[in-house]
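Each reported figure results from applying straightforward, stated rules to the coordinates on display, with no laboratory input. Computed from a prediction, not measured in an experiment: that's the story for all the values here. Cβ placement follows ideal geometry from the backbone for every residue including glycine, while neighbour counts extend to all protein chains displayed.
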Amino acid sequence: MAGNSQRRNRRTSNKKGAQVGSGGQRRRGLEGKGPTPPASARKGHKKNRIANAVAKKTQRRPVARRGGKGSSEMVVGRNPVFEALRDGVPATTLYVQQYIDNDERVREALQLAGERGGIHLMEAPRAELDRMTNGLNHQGLVLQVPPYEYAHPEDLAAAAFDDGEDPLIVALDGVTDPRNLGAVVRSVSAFGGHGVVVPERRAAGMTAGAWKTSAGTAARTPVARATNLTRALEAYQKAGITVVGLAADGEAEVGDLEALGGPVVIVVGSEGKGLSRLVGETCDFRVRIPMPGGAESLNAGVAAGVVLYEAARRRA
């Protein structure tokens, strides 16, 4: 009897107990997972890597300019105000003196301001206009020019690379005449350049005079402002851009420099002093413009135009 009891216990112990079910997981695992996602959304796929790279490149371009703003400016006098409005200088408000003599120039200025739109017309007593202009001879017309929004130097190169182009940029070293800056902006626009870089201190800025000289091209050609021009040039070099300085004692002539056909920053110094020492030492090449006529130097606008033409010719 004892033996039979032991055999029954062994058979009982060998029986399977209660089994935990899968809860339907196995059945759900056999169900379809919907349509296959596109290749650009599948991790590890070549098209997915390309899409991620494009997204990163798009994020690299800033939404807003990061170079800071200039100061607001007043254009005073009947002829200067009319010319600024005619030449497309940005403006927010046109102040007109009360009881002003309504001559032809005043009527033309008012008409231009009305046609452009977005310019507020404000009537003010003479004493108020005297206060606003610190006693300048405003002749009853004052135009408020808003602060210029500068780009950051990196923005210019990033925009060119994003468009699949080699950057063509002009940097100004010690150029203090706004008209020269405006002329350079005009040349950069004419020859397909990507912008102009100016130092933050001791340099011309985008004033109403620079806007006028640019003949409207400042509206589509960005100007960047660098806190330190030497460091900005070094950053360009790290990005694979050649820095070429113009100097009367340059080692080569402009027409012999093949680097102008690639990504390049052209550095132009002041007419009198040329390039500063640190900027000149930072340049990869220093080139000269041959002048058979015997002139000692060219102003910044003309010099930049000559080199930009050569760069555009090589890229054509």
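Between residue 288 and residue 220, the modelled label-to-label distance comes to 3.8 nm, taking each label 7 Å out from Cα in the direction of the beta carbon.
With K and R counted +1 and D and E -1, the other residues having a Cβ less than 14 Å from that of residue 114 yield a net charge of +1.
When you filter the GluC sites (Glu not before Pro) in the range 235-316 for DSSP loop state and at most 12 other Cβ atoms inside 10 Å of their Cβ, you are left with 251, 296. Charge tally around residue 245: other residues with Cβ under 12 Å, Lys/Arg +1 each, Asp/Glu -1 each, net -2. Computed from the Kirkwood radius of its Cα pairs, the Stokes-Einstein diffusion coefficient for the range 141-241 at 25 °C and 0.890 mPa s stands at 179 µm²/s.
Ignoring aspartates and glutamates fewer than eight residues from residue 212 along the same chain, the ones with Cα atoms less than 18 angstrom from its Cα are 73, 83, 87, 108, 149, 177. According to the Kirkwood relation over distinct C-alpha pairs, the hydrodynamic radius of the range 61-210 is 17.1 Å.
Each label was represented as a point 7 Å from its Cα along the Cα-to-Cβ direction; for residue 115 and residue 87 these points are 1.8 nm apart. If R0 equals 25 Å, the separation of the Cβ atoms of residue 163 and residue 136 corresponds to a calculated FRET efficiency of about 0.05. Between residue 251 and residue 176, the C-beta separation translates, for a Förster distance of 35 Å, into a calculated FRET efficiency of about 0.80. Gain on full extension, evaluated as 0.36 nm per residue between residue 235 and residue 98 minus their Cα-Cα distance, stands at 44.0 nm. Taking the Cβ of residue 97 as the center, what net charge do the other residues with Cβ under 10 Å away carry, scoring Lys and Arg +1 and Asp and Glu -1? Summing Lys/Arg as +1 and Asp/Glu as -1 gives -3.
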